[in-house]
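Asks: Next up is a structure, given as structure tokens.
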Amino acid sequence: MARHMALIAHADLRNRHYCDWIDFLSEAADWDAARIADFQLEQLRAVITFAYQRTPGYRGLFDEVGITPPSFKSFEDFRRLPFIDKELLRDHLDEFSTRIRGRSYVTTGGSTGIPFGFYRDPVAFGRELASKAHQYYRVGWKEGDRQLVFRGIPIKRPGQMQFYPRFNELRCSSYHLVPEQMEVFRRRALEYRPEWLRCYPSSGYLFAKFLQETKRSFPEIKGILCASENLYDYQKQLLRDVFGARVFSHYGHYEMAVLAGFCEHEDTYHVLPQYGYAELIDRDGNPVTQPGQVGEIVGTSFIQRATPFIRYRTRDFAVLKGWGCPACGRPYQVWERIDGRLQEFVITGTGRTIAMTAINMHDDIFDHVKQFQFYQEEKGKIVFRYIPKETCTEGIVSDMQRRLLVKFGDDVQLTMQPVDGIPLTKRGKHRFLIQKLSLDFPHD
Ligand SMILES: [Zn+2]
């Protein structure tokens, strides 16, 4: 069995787009600040020209401010372009997309509760995976390493886990992190001996807490790779204590405009300059320049062509640290931490804890609602508040309910509640979940 598994190459290494991008990123790894700026300006010009020629939506926006591809010269010109946001793409997707070959439609609710879909092309997806791998290399990960993964995907197998030889990974359900089930995962890990643990910080935290409280052993690992949620200090601390290994985190999103990860030495977010152009803006839309200042992350993707993202407001927030990391020497933009990514939980009837990130479905489930929000004030009972589109029929609502319940499990009672509006928080942010229960977790 073991020998047979070793013969199967890691699936990503058979993707040409992945391999080409891995090579490019390693060549570009020692670029200085001037070389990076040249590259970024050239990429901005390319993406602006492409979007102007191929999409009526961007052409209209750029014409309004009098910027056409031949007149685009500098970063100052770039900053004159208007922002785009989720609402604009939700309501005018086709005007902002191109009919590129092999594109696929993907959707995201994100942490903000504004569902919208866009198109992704296969080249971009390969480059996305390669960019993440490039960052993981910094902490010693490589394709084919054994990994135990907690995934927000229902696993319909005995033991709630499944081995995937193409990625040499053992996937465990993050919906079943109750003590009896975590003990099943732990025992399997003792045989499998993973080199890495890959998880949402919230899932890793629950598992680490279980190991700590029951004083049970776990095989020695090289590190913990966290994704999809902001990593909080209390989680990092516990993961480090329990596993005795480095905790690596990155910031990214489905739209593929910004990627930023830790380096070999420091737990700060190094913005990858070959992936996209990242800006932090204050509430008036001006660039954030002071270390310690919070700004909204605005991204322009260099890799997405099917639906280009140009000056896209993510509704995620980060704290600027500065330019250049003294520890590794990379002349990148560096963020101290990610702020305002909402990381929240619901509690099911039998006391299971589910991170809302796991409910962020990447299919067409929310296509017929304008906005939604989960609300909980009683264990096991969740209200799904939604603003319906005209296309939202009774049949669609019961289908949404059924599909959400597959994710939540049958110990949850889910009420579907159409509403006219969903209020923003004082800071003007959308909340994905209003949680009235006080949960037994430390808060930052
Ligand atoms: Zn660094």
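Asks: Considering each residue of region 320-349, count those that are part of a strand (DSSP E or B) and either within 16 Å of the ligand (Cβ to nearest atom) or closer than 19 Å to Glu128 by Cβ (or both), and give that number.
Replies: Of the residues in region 320-349, the ones part of a strand (DSSP E or B) are 320-323, 333-339, 345-347.
Imposing the further condition that a residue be either within 16 Å of the ligand (Cβ to nearest atom) or closer than 19 Å to Glu128 by Cβ (or both) reduces the set to 320-323, 333-338.
Residues meeting the conditions: 10.
Asks: When region 319-333 is examined, which residues are found to be within 16 Å of Arg138 (Cα to Cα) and surrounded by 15 or more Cβ atoms within 10 Å (Cβ to Cβ)?
Replies: Cys325, Cys328, Arg330, Pro331, Tyr332
Asks: Could you tell me which residue of region 275-297 is most open to solvent (accessible area, probe 1.4 Å), considering only residues that are out of contact with any Pro (no Cβ under 7 Å at 6 or more places or on another chain) and within 21 Å of Asp38 (Cβ to Cβ)?
Replies: The extreme case among them is Pro287.
Asks: Here is a follow-up. Only strands (runs of 3 or more DSSP E) wholly contained in region 151-247 count here; list those with 1 or more residues that are of a type in the set (Ser, Thr, Tyr) and open to solvent by 10 Å² or more (accessible area, probe 1.4 Å).
Replies: The strands (runs of 3 or more DSSP E) meeting that bar are 161-164.
Asks: May I pose another question? Exactly one condition in (1) touching a residue at least 12 places away in the same chain (Cβ under 8 Å); (2) out of contact with any Leu (no Cβ under 9 Å at 6 or more places or on another chain) is not met by Thr300; state its number.
Replies: For Thr300, the failing item is (2).
Asks: Could you go through region 232-246 and let me know if any residue there is within 16 Å of Ser131 (Cβ to Cβ) and small (Gly, Ala, Ser).
Replies: no
Yes or no, residue by residue, for (1) open to solvent by 40 Å² or more (accessible area, probe 1.4 Å); (2) closer than 18 Å to Gly349 by Cα; (3) in contact with a Gly (Cβ under 7 Å, 6 or more places away or on another chain); (4) at pLDDT 90 or above:
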| residue | (1), (2), (3), (4) |
| --- | --- |
| Ser398 | yes, no, no, yes |
| Gly409 | no, yes, no, yes |
| Thr415 | yes, yes, no, yes |
| Val419 | no, no, no, yes |
| Pro423 | yes, no, no, no |
| Gly428 | no, no, no, no |
| Phe432 | no, no, yes, no |
| Leu437 | yes, yes, no, no |
| Asp444 | yes, no, no, no |
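Asks: Can you find a residue in region 94-101 that is farther than 27 Å from Cys199 by Cβ, assigned to a helix (DSSP H, G or I) and open to solvent by 50 Å² or more (accessible area, probe 1.4 Å)?
Replies: yes
Asks: Since Gly117 meets every condition but one in (1) open to solvent by 10 Å² or more (accessible area, probe 1.4 Å); (2) in a strand (DSSP E or B); (3) of a type outside the set (Phe, Trp, Tyr), which condition does it not meet?
Replies: (1)
Asks: Applying the selection to region 250-261, what residues are surrounded by fewer than 22 Cβ atoms within 10 Å (Cβ to Cβ) and either more than 21 Å from Val294 (Cα to Cα) or within 16 Å of the ligand (Cβ to nearest atom) (or both)?
Replies: Within region 250-261, His250, Tyr254 qualify.
Asks: Follow-up. Among the numbered criteria (1) crowded, with 17+ Cβ neighbours inside 10 Å; (2) at pLDDT 90 or above; (3) within 20 Å of Gly276 (Cα to Cα), which one does Leu88 miss?
Replies: The one condition Leu88 does not meet is (3).
Asks: Which ranges mark the strands (runs of 3 or more DSSP E) fully within region 262-313 that have 1 or more residues being more than 16 Å from the ligand (Cβ to nearest atom) and touching a Lys or Arg at 6+ places or on another chain (Cβ under 8 Å)?
Replies: Correct list: 276-281, 294-301.
Asks: If you check Met356 against the conditions, is it of a type outside the set (S, T, N, Q), away from the ligand (no atom under 16 Å from the Cβ) and touching a Leu at 6+ places or on another chain (Cβ under 6 Å)?
Replies: yes
Asks: Looking at (1) outside any loop (DSSP other than H, G, I, E, B); (2) at pLDDT below 90, which is the only condition Leu405 fails?
Replies: Answer for Leu405: the failing condition is (2).
Asks: Exactly one of these conditions fails for Thr314: (1) of a type outside the set (Phe, Trp, Tyr); (2) under 24 Å from Ala33 (Cβ atoms); (3) in contact with an Asp or Glu (Cβ under 8 Å, 6 or more places away or on another chain). Give me its number.
Replies: Status for Thr314: all satisfied but (2).
Asks: Could we say that Tyr105 is under 21 Å from the mean Cα position of the chain (by Cα) and open to solvent by 60 Å² or more (accessible area, probe 1.4 Å) here?
Replies: Yes, satisfied.
The values are calculated or read from the model by the stated rules, or taken from the named source; none is laboratory data. Keep in mind that this is a model prediction, so the values were computed, not measured. Cβ atoms come from the backbone with ideal geometry, glycine included; neighbour counts cover every protein chain shown. Heavy atoms of the whole protein, side chains included, go into the accessibility calculation; ligands, DNA and RNA do not. Shrake-Rupley method; radii C 1.70, N 1.55, O 1.52, S 1.80 Å.
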